[in-house]
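What follows is a short report on a single structure.
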Amino acid sequence: MYDPRVQVIDERLAEVRDILIVSSAKGGVGKSLTASTLALLFARQGLKVGLLDLDFTSPATHVILGIKEAHPVEERGIIPPKVHEIKYMSLVYYTGDHMAPFRGADFSNCLMEILAVTKWGELDLLVIDMPPGIGDATLDVIRFMKKARFLVIATPSILALSAVLKLIELLQTTRAPIVGVIENMKTGKSKTVEEQMRRHGVTFLGSIYYDNEIEKSIGDVHKLIKTRFAKSLKRIISRKLFRCEDRGKPMFPPNSTAEHFHHSCHH
Amino acid sequence: MHEWALAEAVVSAVSRIADNEGFKEVVEVKLKIGELQQVEAEIIEFALAQLRTEKMANTKFTISTEKAQFKCRNCGNTWLFQHKEFADEVSEAIHFIPEVAHTYVRCPRCGSPDFDILGGRGIYIESVVGVGKDV
């Protein structure tokens, strides 16, 4: 028995230039907020952006972006609707925002199904919001999405850092490219996260200070884009993620090594 | 119709298998469609006829269906899924993403949503028969 879905995934992502996986091994560090805000920021820069929520059991990006009425169109596959200029795909279209209690095999099947039937078309960037952990979702993304590059979210919490280092170990072991690490929810002046990343040879992209107003912007993209959080994120991506131009479009460095960066500029 | 997307996946996978096996021509492809997903065999057949490659010009596609069977992890009960017990929107959601059965279906004996889908999901290639190995 051969599952034909595996074969078609690359074709479905053929016109997607970059895939950015927003991940962290720890929950509650701001992955969904970062993924949603990044998608918004890039869309506002004029890029063709998609956002896929892979946190099947606890999806949040639709809540953050205030997406209620949108639904995909069926046309020889599933075409995600454009919301706030972002092609948006989430399991909530099919669960009606009810629970999806999945075990590992269910997760993998669901991911494969979505990747096999979703027609993204041409995208400059597909942002993927990940569930916490380094289990099924991370392993499947590494297995199925060869273009994936990881943006890792940490916080100054020792607990979060401890988990993040395990994610980095996995990514480095599997040679999955890491764009860099953002430290979110910073409160003091500790440089622990930055130092740890340097020690592990991972690019430290910058810090975002704890924004106690962020909760008020959930569900309202106009408010969200004006938050301190969004402004800090924008500074980080303009400084660190738009490093070279390719046909007038920004390019992400595939990872922190100069060799790979050079390659992507001339690709 | 997302049957087209599935048919594209089948054609793509059969092409790869034919290339790997060195087939000049694909004679027969046996497909199994899970009942859970309620994929329309006629649409798949039509889509395959449109999408088939040169090597598949004369391929006979045989499609069989497999009953959707669940087994409760909580109490061990096994049961068959019946679409008619669910609203159209639910059937449609399961049609696209079979795993959302966990959102809507409960074990008839103990009410748990923790069950395995033993069979009847998705679309699988059971066998590919080809001739004329390239030398």
For this session: Output the residues belonging to region A:36-70 that are under 22 Å from residue A:106 (Cβ atoms) and of a type in the set (Gly, Ala, Ser).
Result: A:58, A:60
Exercise. Out of all the residues in region B:96-103, is one or more at pLDDT 95 or above, of a type in the set (S, T, N, Q), part of a loop (DSSP other than H, G, I, E, B) and farther than 30 Å from residue B:23 by Cα?
Worked result: no
Problem set entry | Selection count where residues are farther than 23 Å from residue A:112 by Cβ and either touching a His at 6+ places or on another chain (Cβ under 9 Å) or among the β-branched types (Val, Ile, Thr) (or both), scope region A:1-35 | 2
Seminar exercise, completed: Those residues of region B:1-52 which are within 13 Å of the chain's Cα centre (by Cα) and among the basic types (Lys, Arg) amount to B:30, B:32
Exercise. Among the residues of region B:8-20, is any farther than 18 Å from residue A:3 by Cα, within 14 Å of chain A (Cβ to nearest Cβ), assigned to a helix (DSSP H, G or I) and aliphatic (A, V, I, L, M)?
Worked result: no
Exercise. Any residue in region B:106-115 that is within 11 Å of chain A (Cβ to nearest Cβ), assigned to a strand (DSSP E or B) and within 21 Å of residue A:56 (Cα to Cα)?
Worked result: yes
For this session: Could you grab me the full set of residues in region A:167-186 that are touching a strand residue (DSSP E or B) at 6+ places or on another chain (Cβ under 7 Å) and outside any strand (DSSP E or B)?
Result: A:167, A:168, A:171, A:176, A:177
Problem set entry | Count - residues of region A:73-93 that are in contact (Cβ under 8 Å) with a residue 24 or more places away in the chain and either polar (S, T, N, Q) or in a loop (DSSP other than H, G, I, E, B) (or both) | 8
For this session: State all residues of region A:116-137 that are assigned to a helix (DSSP H, G or I) and under 15 Å from the mean Cα position of the chain (by Cα); if no residue qualifies, say none.
Result: A:137
Problem set entry | Failed criterion for residue B:103 (all others in (1) free of Cβ contacts under 8 Å to residues at least 24 places away in the same chain; (2) closer than 18 Å to residue A:77 by Cα hold) | (2)
For this session: Could you please let me know if residue B:88 is acidic (Asp, Glu) and at pLDDT 95 or above?
Result: no
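The values are calculated or read from the model by the stated rules, or taken from the named source; none is laboratory data. In this text the structure is predicted, and so the values were computed from the model without any measurement. Here Cβ is always computed from backbone atoms with ideal geometry, including for glycine, and neighbour counts include all displayed protein chains.
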